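Read the figures in this text as sums done on the coordinates, not as results from a lab. Keep in mind that this is a model prediction, so the values were computed, not measured. Positions of Cβ are backbone-derived with ideal geometry, glycine not excepted, and every protein chain shown enters the neighbour counts.
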């Protein structure tokens, strides 16, 4: 997790830094004008809260990574083309920073995010299975085909990055549902 320059400087000087992070996600299918499939937001007190040390434990298997959402999509409801298309409004922000036990309220502006973007996912059924593409809708039009999701030993994911130094992976798991 990135730290603001002044907090990073205090951390480099050996001071103890504490912070917690809010993870927010809202999922909506293409064409949804008045409803969401799922929503976890700060303003509804449903955002996921994790402490700095819970996220970045040395042993990766012990890290308490947030599970953002699960949803069901029905390919019979595709109204345009051959793909299921939905958007994920994803945001990561921090609480206030604590340095050596003192709360510093002047380290950030309310509403400042470490990461915030709407990710459009496009799932298309093919003879070889499902192809999943993504794009960042705040940076490109949501109707563009986007890039294929990335894969590693743990499965498929969308890489997440911000100019503030935030780096992460939005892990995706898909299963056929009957």
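Values as computed for the structure displayed
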quantity	calculated
FRET efficiency, residue 143 to residue 42 (Cβ-Cβ, R0 25 Å, nearest 0.05)	0.25
Relative contact order (%) - criterion: Cα under 8 Å, at least six apart; region: the chain	19 percent
Residues residue 49 and residue 100, FRET efficiency given R0 of 30 Å [Cβ-Cβ distance, rounded to 0.05]	0.85
Segments 117-123, 31-37, 136-142, 155-161 sorted - mean Cβ within 10 Å per residue, highest first	117-123, 155-161, 136-142, 31-37
Length released on extending from residue 130 to residue 169, taking residue separation times 0.36 nm less the Cα-Cα span	12.0 nm
Rg in Å to one decimal, and Dmax rounded to a whole Å, for the chain via C-alpha atoms	18.3, 58
